[in-house]
Amino acid sequence: MPEAAVIATFRNSDAVRAAARFAGVSAVALLVFALVLLAAGKDPLSAYAQTFRHTLASSYGFSELLVRMTPLLLAAVAVALPSRLGLINVGGEGQLYMGAFAASAGVFLFPGAPAWLLLPLVVIGGFLGGAVWAAIPGALRAAKLVNETVATLLLNYVAPLIVGYFIFGPWRTTENSAYPESSPYPPAAMLPNLFGTRIHAGLLIALAALAVYWVLMEKTRWGIEMRAIGGNPEAARRLGIAVPVWIVAALAIGGGFAGLAGMGEAMGITGRLRQTLSPGYGFAGFLIAWLAGGRPLGILFMSFLFAIITAAGDTLQISQGLPYAVVNILLATILFVVLASRGGWGVSR
Amino acid sequence: MSTVPRAQVLLETRGLSKRYGPVQANDGVDFRLHGGEVHALLGENGAGKSTLSKILYGFVRPDAGEILLDGRRVELRTPRDARALGIGMVFQTFMLVPALSVLENIELFLTDLPRVPDPRGIATRIRALAERFGLAIDLSAPVRQLSVGDQQKVEILKLLLAKARVLILDEPTRVLAPHEIEALFRVFGALKAEGYAILFITHKLREVIRCADRITVMRKGRITGSVDASRADVETLVAMMFGERPAHAPGLERPVARPIGAAPIFELRAASSPVSGREIALRNLDVSVGAGEIVGVAGVSGSGQKELGDLALGLRPLATGTKTFRGEDVSSWSIARMREAGLAFIPEDALGMAAIPGMSVRENLSLGAGRRYHRGVGLDWQRLESTMKTSFEALSFPVPPLNLPVATLSGGNVQRVVLAREMAHEPRLVVALYPTRGLDFRSAAAVRALLRGACDRGGGVLLISEDLDELEEMADRLLVLFAGAVVGTFPRGAWRPEEVGLLMTGAKEGARA
């Protein structure tokens, strides 16, 4: 009987359940996507095998997965943290751009500064850019003026326009480029690469952000207060918790993490500010955070999965001649499978 | 549709009973409603009026008993059944779509609405009814532009057009201005003259005697009497509503003479609060609680009790007046500061207003304690646990498993967690709203002992309750709240329940003893 009890506890433990769900969701999604590939006249088995070879099975492919995973992780934490207070942040994309923008502003203000000054500057700038951008909807929500879902969503359309103004105007590169982008950052402003690959220090920042998220929420008294707001705002107010302050703070911290994602892409990958900095990392982060249920390990797994899927898009495009957009079918399938297994947002939350 | 002979029993119940958990909401209710009469249903909160009306409208199914319409037994499984048999109900919160016009709202309610409605035909029918019963209204106006009184007209028109013969209205005058009440009573008169039966629930005694033909009083799930309005007076109705004063069990009574500190521990002076929505405005309140004193606040529900509690806590700002606590002006203090200064708050609904269901008992106990258990960025869990265990023991409550989410505890245990937390730090002022509502006899006695204990240690208690027996047993001073104002103040032992009942229901102008 004790063994049975142990097994029962084990079976019911959160981590195991999360892992089982992760596996189940992946399996169903891959099965459905195989049907899509069949319909397109491709052999799903060979497509999957090729994807596997080019991603998980090669060291270069694997390093590229971690590169893709970096902004996804940060964008997911940006959504997960405010969600613990019952706040819905769909503005990761805009916050990402504003983080990259503020970090770039720091670099272009002090172009000749040494690396020991520039690197902290871009990290702080990246965080502040996203934090301020998310604090605006936070303040509007705390003042009971505008719902944060609407405000964060709408600000997504404003942020790239601000970036656009600067890369078409003051920061436009002097090289004879038809492509609108800023001039390159000085090498001292670039995040160091790791293991001689394209993996950059942003990955460490992302993992640190995930750890900060967990510690803040589970181990500090501030986390208890924030979770209390998410659990019962009425009671939280009566217990003397400063609800409006936490609403602004949580969105700002979340936005700051999204801003770091933008900074990482600019200072770790592109080396310039561009209006095409993100192929939708902010939105993907929203899906990841929801699919992971806000759990740190879940976010880690899901970010990795999303990295594989986007990488698979490239592989399928090159090797099978399928349009990149087919991965959207796979993403949508995963989303539906998860939503169906949970009963949907409107029902379960 | 209006061919019902008057004075014939239209709707009758026999032995209706309904139980919610430990609460017997209706207990063998025999009730008769005649055609062509306006029938008022009176009673304290929790007396079973709402349950009875919901059963009659098919909203709630009784555990036992039967319902007869025109002398024939009927089964009311859903409101749809009730409506099909000509029984309609107007709820306290209107069931209207604000963005749609009056005409569209009425159309929506009709079960026999054809796929392509004929607005002109329906409008003609509505106008005919409206004219007959004094319910004239602009059919094209969107409902959100209407006054509350006009929205009520729409609700009644909906029922009439759907061929209802029995109209049930839950506290229809609660939200109306005086002239609107007059208009409503004229509508009642017109309906009655054509044989409709009207059953309405209310707390206001004077209007009952003025407009009803027959009055039925409920108390603790039973009907205590049914009288002709012409033969009723306020005193007899109050006696029927609140019952005979039961003799107190010996030993429960507190000694009458108790030392009370000279300076009040908590005081509201000329305090008013702003309102929004359905809240009750507090008007010019003077409330003071001395050290070691229990100040009781009586009133029918919705007289401003919740607002008074929130004002004391600091959740609601003062519009005018001052608030002092322990000798300091605390008018603009935050809730956190008030709590840290020694205010304990026991709300009416522990799970909804004082606990976080998804969080563990331990985490719930840590909330609202101010900086007491801060240690670095975390909390001193050991010290918290030992303090809370002491508090549980002092109240002789069992300590629940600290790791369980509060949502898994029973309602009584959630309340115990909240009480233990609130009483853990020797509060100087306890604001308690209906702290014994829904508790069984023994738990209620424990809570009362707990409040007395807070007083014995020099704290003050503001006890807001609807239970006059409880207030008589507990309160050193009694305030009566009506429509957001204090309408009576009595020292211990100097009030007659009938008089308090009159003040509570607004039947008598305020007198300060």
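Observations
- Evaluation of A:G280 against the conditions (1) surrounded by fewer than 16 Cβ atoms within 10 Å (Cβ to Cβ); (2) touching a strand residue (DSSP E or B) at 6+ places or on another chain (Cβ under 9 Å); (3) small (G, A, S) shows that the sole unmet condition is (2).
- Single condition A:G294 does not satisfy, out of (1) within 14 Å of chain B (Cβ to nearest Cβ); (2) over 27 Å from B:A355 (Cβ atoms): (2)
- Single condition B:A369 does not satisfy, out of (1) more than 11 Å from chain A (Cβ to nearest Cβ); (2) out of contact with any Ser or Thr (no Cβ under 6 Å at 6 or more places or on another chain): (1)
- The residues of the stretch B:92-117 that are exposed (fewer than 12 other Cβ atoms within 10 Å of the Cβ) and acidic (D, E) amount to a single one, B:D112.
- The condition of being within 23 Å of the chain's Cα centre (by Cα) and either under 18 Å from A:A252 (Cβ atoms) or not in a helix (DSSP H, G or I) (or both) holds for A:N156.
- Meets criteria (within 21 Å of the chain's Cα centre (by Cα) and either away from chain B (no Cβ under 14 Å) or among the charged types (D, E, K, R) (or both)) for A:T315: no
One line per residue, one yes/no per condition, for (1) more than 14 Å from every other protein chain (Cβ to nearest Cβ); (2) assigned to a helix (DSSP H, G or I); (3) within 14 Å of the chain's Cα centre (by Cα):
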| site | (1), (2), (3) |
| --- | --- |
| A:I205 | yes, yes, yes |
| A:W222 | no, yes, no |
| A:E225 | no, yes, no |
| A:E234 | no, yes, no |
| A:V245 | no, yes, no |
| A:A250 | yes, yes, no |
| A:G282 | yes, yes, yes |
| A:F306 | yes, yes, yes |
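- Residues of the stretch B:309-352 that are more than 23 Å from the chain's Cα centre (by Cα), under 20 Å from B:L463 (Cα atoms) and among the basic types (K, R): B:K323, B:R326, B:R339.
- Here B:V418 meets each of (1) more than 14 Å from every other protein chain (Cβ to nearest Cβ); (2) among the hydrophobic types (A, V, I, L, M, F, W, C); (3) in contact (Cβ under 8 Å) with a residue 60 or more places away in the chain with one exception, condition (1).
- Some residue of the stretch A:107-117 being out of contact with any Cys (no Cβ under 9 Å at 6 or more places or on another chain), free of Cβ contacts under 8 Å to residues at least 40 places away in the same chain and crowded, with 17+ Cβ neighbours inside 10 Å: no
- In the set A:A261, A:A188, A:A208, only one residue is in contact with a helix residue (DSSP H, G or I) (Cβ under 8 Å, 6 or more places away or on another chain) and either buried (at least 18 other Cβ atoms within 10 Å of the Cβ) or under 15 Å from A:T70 (Cα atoms) (or both); that residue is A:A261.
- Any pair with Cβ under 9 angstrom, 6 or more apart, that starts in the stretch B:98-120 at a residue that is touching a residue at least 60 places away in the same chain (Cβ under 8 Å) and ends at one that is of a type in the set (D, E) and assigned to a loop (DSSP other than H, G, I, E, B): none
- Identity of the residue in the stretch A:1-40, aromatic (F, W, Y) and modelled with pLDDT of 50 or more, that ends up surrounded by the fewest Cβ atoms within 10 Å (Cβ to Cβ): A:F22
- Positions within the stretch B:289-316 being in a loop (DSSP other than H, G, I, E, B), within 24 Å of A:A235 (Cβ to Cβ) and touching a Pro at 6+ places or on another chain (Cβ under 9 Å), in sequence order: B:R316
- Subset of the stretch A:231-250 that is touching a residue at least 40 places away in the same chain (Cβ under 8 Å) and of a type in the set (V, I, T) - its residue that is surrounded by the fewest Cβ atoms within 10 Å (Cβ to Cβ): A:V245
- Qualifying position, being of a type in the set (K, R), over 30 Å from B:A446 (Cα atoms) and modelled with pLDDT of 85 or more, among B:R222, B:R269: B:R269
- Here B:R61 meets each of (1) basic (K, R); (2) crowded, with 19+ Cβ neighbours inside 10 Å; (3) modelled with pLDDT of 90 or more with one exception, condition (2).
- Selection from the stretch B:335-361 of residues that are in a helix (DSSP H, G or I) and either of a type in the set (F, W, Y) or within 10 Å of chain A (Cβ to nearest Cβ) (or both): B:I335, B:A336, B:R337, B:M338, B:R339, B:E340, B:A350, B:L351, B:G352, B:M353
- Checking A:G240 against (1) farther than 30 Å from B:L384 by Cβ; (2) assigned to a loop (DSSP other than H, G, I, E, B), the condition it does not meet: (1)
- Of all residues in the stretch B:317-334, those satisfying the criterion of being surrounded by 15 or more Cβ atoms within 10 Å (Cβ to Cβ), part of a loop (DSSP other than H, G, I, E, B) and in contact with a helix residue (DSSP H, G or I) (Cβ under 9 Å, 6 or more places away or on another chain) are B:L318, B:V330.
- With respect to (1) assigned to a helix (DSSP H, G or I); (2) away from chain B (no Cβ under 11 Å), the lone exception for A:T276 is condition (1).
The values are calculated or read from the model by the stated rules, or taken from the named source; none is laboratory data. Nothing here was measured: the structure is a model prediction, and the numbers come from that model. We place every Cβ from the backbone using ideal geometry, glycine too, and count neighbours over all the protein chains shown.
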